[in-house]
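Please read the structure below before turning to the comments.
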Amino acid sequence: MWRRDFLRGALAAAICGAATRGTNGWTFAAEDAAFPENVTFRGSYANSKRVFETTGRGRVAFLGGSITEMEGYRPMVCEYLQKKFPNTEFDFVAAGISSTCSDVGAFRLETDVLANEESRPVDLFFVEFSVNDDQDGGFSYEHAVRGMEGIIRHIRAACPNVDIVMTFFVNENLMQKYREGSVATSIRAHSAVAERYNISTVNLAREIQQQIDAGKITWQEFGGVHPAPRGNRICADMIASILDYAWAKPTAKLCAPHETPEPLDAFSYAGGAFRGFDGLDLKGGFEIVTPDWSKIPGSFRGTFAGIPCLCATEPGAEASFEFEGTALAIYILAGPDAGVVETVIDGGEPTKANAFHHYSAGLHYPRALTLADGLAKGKHKATVRLTGEKDERSKGTAIRIMQICVNR
C-alpha cells in the first residue's frame, strides 16, 4: 500500500508541478508529502532502464560492509529488478565484505567490482558504508569523504553511464545523533558526496529512528545493525520507490554519461587500487606466506582463507618498495597480536600507525591502515618497519598484510 500510494502521489506531483526538473535532474519540493521524507531523489536512472529493456542484459553491483554481504536488502533488490525486467539476464555482483569501510571499498573497487568492466560495464550500482565508517572506522569527516568520493569518482570514470543509489544504514549512534538534533559524521560526509554527484539517497537511519520514536517499530523488530527481514524490506521498498518513480518515464533513446563535477577533496581515493607485492625489498623477517590460521590465536573468517599475506612478527622487520600515488595504506587482518608499524616516505620523518583495532581482541579484523596521505602526485619510496611497540590490549607485535593499497 505504501509503495502504491507513493507512486500515485509522486507521479501526480510531477504532473502538477510539485516536482521540477533542473539541469541535474528532478528535485522534489519540501511540501511534496507524497514522496517519502527520508528518500532524496536526484539525477537520472534512464541509462540503466534503457540497457535493461533494450539489450536483455544488465550488470548490477552492490558494494558495502556486512550489511551488503549478508542475505538482506541485496537479494530483495535483486528480486525486485528481476521482476521489473523479467526478460533481462542480470549479472549481480555481491561485493560486500564484513567490517570494511569506505576506504577499503575505494581500494578494492577495481578488483571486486570493475574486474570484468572491459567486457561488461556496471549499469546500476548500490553502495553503503555509513555504519562501518561510524562504528568500525570512527572516521573523520575528511576521511569518510575521501573513501566515499573515491568510490563514486572511480566507478563513474570506469563506467560513465552507471546509475547509483546510496543508502545510509543504521546503528544506535546514528539514530542518537538525530535525536540530539545533529547528524553523524559518516552520514554528513556521504551526504555531501551524494549531493555533489547528484546521487539519490535512502536515509534508513533517520527513517528507523523516526519509526521507533513514533512507536511503529522497535529496534529489536527492525533487527539491529544487521536488519531482520522486516528491516531489510523497509530498505528495499525505499530503494524501489526511487527506481519505480524514475523508470515510470519513457525509455531513453540513447544512454548519456553522467556529469562529473570537480572533486570535494583533491585527495579522495578516486584512483584507489591494490599495488601487489612485486618489487619488495624484505629484511629482518618479513615474508610472503599464506598464514596457517589454525595455529594463530583469534577467530578467523573464511572469506580470507588461502590469501598470501606479507607477514612479520618480530620487531625490526622491514619492507621497502616504490609506489605511485597520493596515499598509501595496508589492507590487513589485525588480530589479538597486532603491533605498531613505522613508515618513512621518501626519506622523511617516520610516522607510526597502530594496527590493533577495538574489535581485534578476539578476531583477525579486516581494516585499511593508512600509512601516508595527502602526498604529491608521482612516484614515492616507502619503508615500512615493524616496531617493538604495541597497543596495551595486544598480545604481540605482528602484522599480516593482505594488500598494499595506493591512490594513484
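Derivation of every value follows stated rules applied to the coordinates shown; laboratory data play no part. These numbers were taken from a predicted model, which means no experiment stands behind them. For neighbour counting, all protein chains shown are included, and Cβ atoms are generated from backbone atoms with ideal geometry for every residue, glycine included.
Per-residue packing, averaged as other Cβ atoms within 10 Å, sorts the ranges 250-262, 220-232 into the order 220-232, 250-262, beginning with the highest.
Our summary gives segment 275-407 a relative contact order of 36 percent, counting only alpha carbon pairs under 8 angstrom and 6 or more residues apart. With 30 Å as the limit, the listed pairs Lys295/Lys377; Lys49/Lys177; Lys177/Lys216; Lys352/Lys377; Lys295/Lys379 have Lys295/Lys377; Lys49/Lys177; Lys295/Lys379 beyond it between alpha carbons. Here the contact order of segment 36-246, divided by its residue count and restricted to Cα pairs under 8 Å and six or more residues apart, works out to 27 percent.
The relative contact order of the chain, computed from alpha carbon pairs under 8 Å that lie at least 6 residues apart in sequence, is 16 percent.
Computed extension gain for Lys283 through Ala214, at 0.36 nm per residue and net of the alpha carbon distance, reaches 18.8 nm.
The aspartates and glutamates whose alpha-carbon is closer than 17 Å to the alpha-carbon of Lys249, local same-chain residues fewer than 8 away aside, are Glu53, Asp163. Label separation (Asp346 vs Glu314): 3.4 nm, computed from points 7 Å beyond Cα along the C-beta direction. In this label model, Asp91 and Phe304 are separated by 2.9 nm, measuring between points 7 Å along each Cα→Cβ vector.
Listed options for P(r) over Cα pairs in 10 Å bins from 0, in percent are (i) 5, 21, 31, 28, 14, 3, 0; (ii) 4, 18, 23, 18, 14, 11, 7, 4, 1, 0, 0; (iii) 5, 22, 31, 24, 13, 5, 1, 0. The value calculated from this structure is the one marked (iii). Under the shape rule built on the C-alpha gyration tensor, where the axes satisfy a ≥ b ≥ c, segment 29-118 is oblate, since a/c reaches at least 1.5 while a/b does not exceed b/c. Sorting 366-377, 387-398, 143-154 by their mean Cβ neighbour count within 10 Å, with the most densely packed peptide first, gives 143-154, 366-377, 387-398.
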